[in-house]
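A short write-up of the structure that comes next.
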Amino acid sequence: MSPLSKIKNQIIKAIAEIYPNSNLVASDIGPTPDPKLGDLAVPMFKLAKIAGKAPSLIAEELRGKISGVKALESAEVAGPYLNLRLKKAVVVKEVMAAVAKDKTKYGNGKATKEKIMVEYVAPNINKPLHLGHLRNAALGEALCRILETAGNKVVRANLLSDRGIGVTKAMVAYDKWGDNETPVSAGVKGDHLVGKYYVMFDQKQKQDPSLDADVTAMLQKWEAGDTATRALWRTMTKWCADGQNATLKMLGVKYDKVYRESLLYKEGSKMALAALEKGIFSKDEKGNVVAKLPGQPDKVVLRADGTAVYITTDLPLTLKKMTEFKLTRCLWVVGTEQDLHLRQLVGIMRLLGYKWADQLEHVSYGHVALPEGRMKSREGTVVDIDDLVQHLSELAAAEIKERHDFLDQSEVDKRAQEIALGAVKFYLLSVSAPSGMTFNPKESLAFTGKTGPYLQYTNARIQSILRKAIEHGSTGAGRVDVSVLTAPAEWQLVMKLSEFADIVSAAAKERDPSVVARYAYDLSKSFAEFYEQVPVLKADAPLRRARLSLLRAVGLVLGRSLYLLGIPAPKEM
RNA sequence: GCACGCGUAGCUCAGCCCGGAUAGAGCAUCAGCUUGCGGAGCUGGUGGCCGCAGGUUCAAAUCCUGCCGCGUGCACCA
């Protein structure tokens with residue numbers, strides 16, 4: 001529990017001793033709108049209702065009577081609110097001690113019994129990953145880190161859609177016009193090479209619609225296990241998957257388990273037929289196997305000719321996930337356009353009699369639009385991740401070079417990519433998930449204002465001061481009296497630090513990394529104000545030591561916040 | 001047509017689940033801050049019928065109802 005929550009709980013308890021049937025809870029207590037009014041505000045409306053008295057009267061009664069809260073300095077009545085002022089020295093000591101004690105575990109939640117699988121990205125293996133995948137990857141990875149930090153066991157899973165029309169189109173085009181080209185001979189990543197043929201197919205198909213028949217024919221050969229077709233498929237899907245994995249690695253994504261559609265869909269057909277036999281599914285007039293779901297449209301789970309549809313794979317996949325890993329929760333990070341699909345999948349699992357259907361959960365995120373309109377892979381209007389990060393890195397590199405004349409190119413490149421990733425990830429994560437968003441290139445490329453680089457810059461400044469302190473021989477370690485930290489800017493920072501654990505648990509509960517993004521920004525903003533107002537290295541020894549330990553605490557918590565968001569934290573930039 | 005999501009400052013978005021003090025940020029714009037620990041920064045100003053109309057309440061951006069606008073889905077596509 002966060003130091004702040006502890007204090008709030010003590011206040012709740014103290015009020016309950018005066019009003020035994022008090023219905024106030026810790027979350028009723030909030031910050032005051034203005035620091036001049038005090039630190040915490042307790043609204044009296046709930047108590048007023050119970051007691052049948054005016055809120056201001058209750059506040060008046062409580063004022064001065066609250067006892068047993070060590071951190072409480074004074075209480076003032078402001079209309080229907082009881083505003084509390086905290087003893088800064090007490091709180092500062094408690095918060096700083098908590099950070100010092102827990103170090104990199106500060107903010108961790110208590111271990112739960114939850115074991116949660118998060119499936120995210122789940123790409124088609126026929127083209128490079130694009131902007132939509134980037135929002136998915138950023139969201140999924142941040143969610144995993146937040147859930148882990150909140151005390152849960154997390155299993156990261158990917159599903160490769162490595163079979164079907166998309167892959168086959170690329171195969172047909174390569175077969176006809178590929179001329180034995182390879183990623184090495186072409187000098188491009190495998191996913192980009194496969195994507196080139198995927199786009200080529202659609203261009204040629206517009207001229208010659210008969211190409212569709214070639215796709216059908218190749219799909220059938222693949223299905224029949226034709227040796228040459230399978231070999232081509234293995235080669236091309238490997239190229240593509242390797243390329244995509246390189247992109248994911250750059251993004252900091254690594255999976256515990258990777259599923260492949262090609263290894264699952266047949267099992268799905270069996271499950272569907274078995275359920276048909278038992279009368280759980282039925283056949284429609286065309287002969288398709290259909291699940292009839294209460295309150296939802298019917299869902300075809302197997303085509304009349306016995307071939308699989310998208311959801312067919314999900315049947316055995318979901319079953320495998322839940323049983324193999326003994327999960328208590330299973331999340332999909334998937335766009336809002338699949339809301340209905342996933343509701344239907346959950347409904348089907350329930351229909352099949354699996355009690356854990358209630359533990360399946362869709363983390364839905366809105367579509368990323370471009371200002372010009374919708375992204376379309378086939379029309380080349382996609383923003384692919386490799387190109388985007390490359391472009392951002394170049395801009396960042398130019399900024400770095402302006403500031404540092406004599407840096408190695410390799411160091412420039414390294415920092416530039418970290419800044420580029422910070423910029424785009426923060427941009428995508430700072431918007432709450434279900435909202436659609438417009439990807440405004442200009443803004444996401446910006447390094448000033450409420451951006452990833454601002455957070456990274458804050459971290460770099462903190463690290464810089466700490467480095468200089470060591471050079472000057474004053475580390476701030478050892479016995480430090482932190483109670484001298486009484487300046488408003490210091491107090492504001494300590495209050496921010498005190499709520500970190502609450503932020504982590506709220507983000508985990510809401511499945512919403514934007515909570516952490518907002519916090520990280522607020523913390524950085526508080527630091528910047530502190531930095532402008534208060535000298536650290538030039539302060540007298542006792543104060544300097546105290547401020548240095550505050551900076552270490554802020555650096556640690558900011559670093560943890562950046563980690564939760566999957567944003568790199570370079571020490572210099 | 002039905003379902004889901006969205007509508008808050010010129011632009012991009014928080015806040016809504018769980019109703020409470022003058023509705024918050026960033027960008028843009030205007031005016032300031034540098035012999036100083038990293039100016040990718042800081043301080044201040046301008047800018048809002050919180051889509052519209054009702055209702056509930058001592059109190060509504062927040063809850064309820066209806067309407068309007070935008071997006072997505074309702075495929076033998078993934």
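Residue under question is residue A:89, and the condition is that it be more than 9 Å from RNA strand B (Cβ to nearest atom), part of a helix (DSSP H, G or I) and among the hydrophobic types (A, V, I, L, M, F, W, C); does it hold? Reasoning before the result, please.
On the way: more than 9 Å from RNA strand B (Cβ to nearest atom): yes; part of a helix (DSSP H, G or I): yes; among the hydrophobic types (A, V, I, L, M, F, W, C): yes.
Yes: the conditions hold for residue A:89.
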Problem set entry | Some residue of region A:207-223 being on the phi > 0 side of the Ramachandran plot and in a loop (DSSP other than H, G, I, E, B) | no
For this session: Go through region A:547-573 and give me each residue that's more than 13 Å from RNA strand B (Cβ to nearest atom) and either part of a loop (DSSP other than H, G, I, E, B) or more than 24 Å from the chain's Cα centre (by Cα) (or both).
Result: A:549, A:552, A:566, A:567
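For region A:310-319, which positions are over 15 Å from residue A:275 (Cα atoms) and surrounded by fewer than 19 Cβ atoms within 10 Å (Cβ to Cβ)? Steps first, please.
First, pick out the residues of region A:310-319 that are over 15 Å from residue A:275 (Cα atoms): A:310, A:317-318.
Matches in region A:310-319: A:310 only.
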Exercise. Looking only at residues in region A:32-65 that are in contact with a strand residue (DSSP E or B) (Cβ under 7 Å, 6 or more places away or on another chain) and more than 12 Å from RNA strand B (Cβ to nearest atom), which one is farthest from residue A:9 (Cα to Cα)?
Worked result: A:60
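Test residue A:432 against the criterion of being within 29 Å of residue A:553 (Cβ to Cβ), within 19 Å of the chain's Cα centre (by Cα), near RNA strand B (Cβ under 6 Å from one of its atoms) and surrounded by fewer than 17 Cβ atoms within 10 Å (Cβ to Cβ), and give yes or no. Outline the logic, then answer.
Values: within 29 Å of residue A:553 (Cβ to Cβ): yes; within 19 Å of the chain's Cα centre (by Cα): yes; near RNA strand B (Cβ under 6 Å from one of its atoms): yes; surrounded by fewer than 17 Cβ atoms within 10 Å (Cβ to Cβ): yes.
Spelling it out, residue A:432 is indeed within 29 Å of residue A:553 (Cβ to Cβ), within 19 Å of the chain's Cα centre (by Cα), near RNA strand B (Cβ under 6 Å from one of its atoms) and surrounded by fewer than 17 Cβ atoms within 10 Å (Cβ to Cβ).
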Seminar exercise, completed: Sole miss for residue A:447 among (1) under 30 Å from residue A:145 (Cα atoms); (2) assigned to a helix (DSSP H, G or I); (3) in contact (Cβ under 8 Å) with a residue 40 or more places away in the chain; (4) hydrophobic (A, V, I, L, M, F, W, C) is condition (2)
Exercise. Do you know which residues across region A:66-86 are more than 17 Å from residue A:13 (Cβ to Cβ) and either in contact with a Ser or Thr (Cβ under 6 Å, 6 or more places away or on another chain) or within 15 Å of RNA strand B (Cβ to nearest atom) (or both)?
Worked result: A:74, A:76, A:77, A:78, A:79, A:80, A:81, A:83, A:85
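Here is a list: A:423, A:487. Which entry is near RNA strand B (Cβ under 9 Å from one of its atoms) and modelled with pLDDT of 90 or more?
Working: A:487 fails: near RNA strand B (Cβ under 9 Å from one of its atoms).
Only one candidate qualifies: A:423.
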For this session: Taking only region A:6-28 into account, find how many residues are within 15 Å of RNA strand B (Cβ to nearest atom) and either within 17 Å of residue A:90 (Cβ to Cβ) or among the hydroxyl-bearing types (Ser, Thr, Tyr) (or both).
Result: 4
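The values are calculated or read from the model by the stated rules, or taken from the named source; none is laboratory data. Model, not experiment: these values are computed from the prediction. We place every Cβ from the backbone using ideal geometry, glycine too, and count neighbours over all the protein chains shown.
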